[in-house]
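Enquirer: The structure follows.
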Amino acid sequence: MRVRALLIVNPRATSTTKPVLDFIVRSLAAEVELETVETRYRGHARDIASAAAAEGRDALLALSGDGTINEVVNGLMEKAPIGAGHPAAARRLPAIGAIPGGNANVFTRDLGIPADPVEAVKVIGARLATGSTRTIGLGLAGDRYFTFNAGLGWDAEVVRAVEEQRARGRRASSSLYMWMALREYYLRTDRREPGLALQTPSGIAAPGLGMALISNAAPWSYIGRHPVNPTPNASFDTGLDVFALRRLRTFSTLNAMRQMLQGHGRPPMGKYVLNLHDEPELTVRARRPAALQVDGEYVGDAESVTFRSAPEALRVIA
């Protein structure tokens, strides 16, 4: 019996073009029984994925950026059986195949999928044909799953600012993210009175943080083709890693960013840097509501978020 797959397409994704989409559909239809559906609004992919999982699809494929893939994952996990977080539970859900269609495509790159969608679909099609899948862990930010990272503070403020620019018609790009990062840092972020505090069940306590990045994989993001790696030891096969800054002073912040970009395989070090590895759970509280991002999407402001690792929760075609 052929694999029953649903291809979810975000027609507004940055690098999705009709010729690319036509090639992808033809390639996949040669390997599987394929149906294609386009998203129409924010959150639509989550509804589609939830319904497809209930119908018993074998695979959910997404041609999109990281935000839509996050929606697909959360829609799928709504149907997770009791005991999700074990390979046997993950096998009862459709496998996910992510085809890069956005600007950064962090999730697909962290899985080792080619950044070019045409090359990516060749890999995914071949693995669909052989039934090759891998089980990975996810992160939870409150009740929202994330695949590669989440954050509170400055980085989430940048994501929020980029989304505001995109709503005005600006195209997402590395240069836009860098410009918004500078603008938020110098004009909007409260750098004098850091308002975040981190706590773990094991007793680690870190007050006075200006930002907190929580990673489920590495690299954390990319500038063009260059990885940005504050948590190089993060992995889909371990718990959550944390990079946080106790101060957002210009020199120490630039020094940490320089280390993230060097690619030497070690977490940034410094007087104001906090690094944690393989944490099953942690809570970040804010003295005042702080921006929260999940897989590069702004999801609102929060005063307290508990982050948890969900090991072996999802089957991926990679």
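We did not get these values from a lab; they are worked out from the coordinates using the rules stated. Not measured: the values here are computed from a predicted model. Don't worry about glycine lacking a Cβ; one is built from the backbone with ideal geometry, like all the others, and counts go over all protein chains shown.
Enquirer: Across segment 101-163, what fraction of all alpha-carbon pairs, as a whole percent, falls in each successive 10 Å bin from zero upward?
Expert: 17, 39, 31, 13, 1
Enquirer: I would also like to ask the following. Which order, highest average first, do 226-233, 109-116, 170-177 follow once you tally other Cβ atoms within 10 Å for each residue and take the mean per peptide?
Expert: 226-233, 109-116, 170-177
Enquirer: Can you tell me which aspartates and glutamates have their Cα less than 17 Å from the Cα of Lys122? Leave out same-chain residues fewer than eight positions away.
Expert: Those aspartates and glutamates meeting the cut-off are Asp22, Glu31, Glu33.
Enquirer: Between Phe251 and Ala51, 0.36 nm times their residue separation minus their Cα-Cα distance comes to what?
Expert: Value of the extension gain: 67.0 nm.
Enquirer: Just need the relative contact order of the chain here, percent rounded to a whole number, with Cα pairs under 8 Å and 6+ apart.
Expert: 21
Enquirer: Need the list of aspartates and glutamates near Lys79 for cross-linking: C-alpha distance under 19 angstrom, and skip anything on the same chain fewer than eight residues off.
Expert: Excluding near neighbours in sequence, the set is Asp47, Glu55, Asp58, Glu71, Asp143, Glu312.
Enquirer: Hey, any idea what the orientation-averaged projected area of the convex hull of segment 146-311's Cα atoms comes to, in nm²?
Expert: Convex hull of Cα atoms, orientation-averaged projection: 9.1 nm².
Enquirer: Looking at the chain, send over the antiparallel percent of its DSSP beta bridges, to the nearest 5.
Expert: Approximately 70 percent, going by the DSSP bridge assignments.
Enquirer: In addition: Arrange the peptides 42-51, 136-145 so that the one whose residues have, on average, the most other Cβ atoms within 10 Å appears first.
Expert: Per-residue Cβ counts within 10 Å, averaged per peptide and sorted highest first, yield 136-145, 42-51.
Enquirer: Can you tell me how much longer the chain between Ala167 and Arg92 gets when fully stretched, taken as 0.36 nm per residue apart minus their C-alpha distance, in nm with one decimal?
Expert: 23.2 nm
Enquirer: Restricted to Cα positions, what overall size does segment 4-132 have along the principal axes? Three whole-Å values, descending.
Expert: Principal-axis extents of segment 4-132 (Cα, largest first): 41, 33, 27 Å.
Enquirer: I'm spelling it out carefully: the read-out is P(r) over Cα pairs in 20 Å bins from 0, in percent, the candidates are (i) 29, 50, 21, 0; (ii) 30, 57, 13, 0; (iii) 34, 57, 9, 0, and one was derived from this structure. Which label?
Expert: Checking each listed value against the structure points to (iii).
Enquirer: Note down the net charge around Gly67, summing +1 for each Lys or Arg and -1 for each Asp or Glu among other residues with Cβ under 14 Å from its Cβ.
Expert: My count for the surroundings of Gly67 gives +1.
Enquirer: Residue by residue, what Karplus-based ³J(HN,Hα) values in Hz, rounded to whole numbers, does segment 183-198 have, using 6.51, -1.76 and 1.60 with θ = phi - 60° and x for Gly and Pro?
Expert: Computed from phi, the couplings for segment 183-198 are 4, 5, 4, 8, 10, 10, 5, 7, 8, 7, 10, x, x, 9, 9, 10 Hz.
Enquirer: Using the Cα atoms as the points, what is the convex hull volume per residue of segment 205-295 in Å³?
Expert: Given the Cα convex hull of segment 205-295, per-residue volume reads 111 Å³.
Enquirer: Rounded to the nearest 500, what is the 222 nm mean residue ellipticity of the chain from helices alone, with -39500 (n - 2.57) per DSSP H run of 4+ residues and division by all residues?
Expert: Taking each H run of at least 4 residues, the total per residue is -9000 deg cm²/dmol.
Enquirer: Quick one: 3J(HN,Hα) in Hz for segment 105-113, Karplus 6.51/-1.76/1.60 with θ = phi - 60°, rounded, Gly and Pro as x.
Expert: Residue by residue, segment 105-113 yields 6, 5, 4, 5, 5, 5, 7, x, 7 Hz.
Enquirer: Quote the charge dipole size of segment 146-311 about the Cα centre in Debye, to the nearest 20; the model charges only the Cβ of Lys and Arg (+1) and of Asp and Glu (-1).
Expert: The dipole magnitude comes to about 760 debye.
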